[in-house]
Amino acid sequence: MLLDEIYQLSSELIGETSTQLEKLCQIVKVRLENKLKDGITTEDCHEVFVTAAAAMAASMYSEMKAISDDVSSFSAGNISISRTIECTELKEFLDMSQELLAPYLKDDRFCFRGI
């Protein structure tokens, strides 16, 4: 099933599973299906569709998690812990997968040429 494939790949991308990620996958799947050009189905671009949807869901999940886990450093006494959130590789993968899927999507950009 398409949703299962998207969820599995997104889980592999971020290295964890969660109910929130599964729901994000479902949202992204429906959103992308609605953006497909007329006459194009998910079967026509299956591999690219799954990859792009998984990357989008993983990216959204990572951003949501980063916002909710907004602690970048912590110290107590002599112990200090710090971390930085790096999502650059995931964002690059997201950009590439969206570029691959672009030929299958409706052009929803707006252009005003003048009067």
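The values are calculated or read from the model by the stated rules, or taken from the named source; none is laboratory data. None of the values given here were measured: they were computed from a predicted structure. Neighbour counts run over all protein chains shown; Cβ positions are idealised from the backbone, glycine included.
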Pair list, Cβ < 7 Å and 6+ apart or interchain, from region 101-115 residues that are more than 21 Å from Val48 (Cα to Cα) to residues that are surrounded by fewer than 10 Cβ atoms within 10 Å (Cβ to Cβ) and modelled with pLDDT of 70 or more: none
Matching residues in region 16-52 - criterion: being of a type in the set (S, T, N, Q), free of Cβ contacts under 8 Å to residues at least 40 places away in the same chain and not in a helix (DSSP H, G or I): Thr17, Thr41
Counted residues, region 58-109 - those being assigned to a strand (DSSP E or B), among the β-branched types (Val, Ile, Thr) and modelled with pLDDT under 65: 1
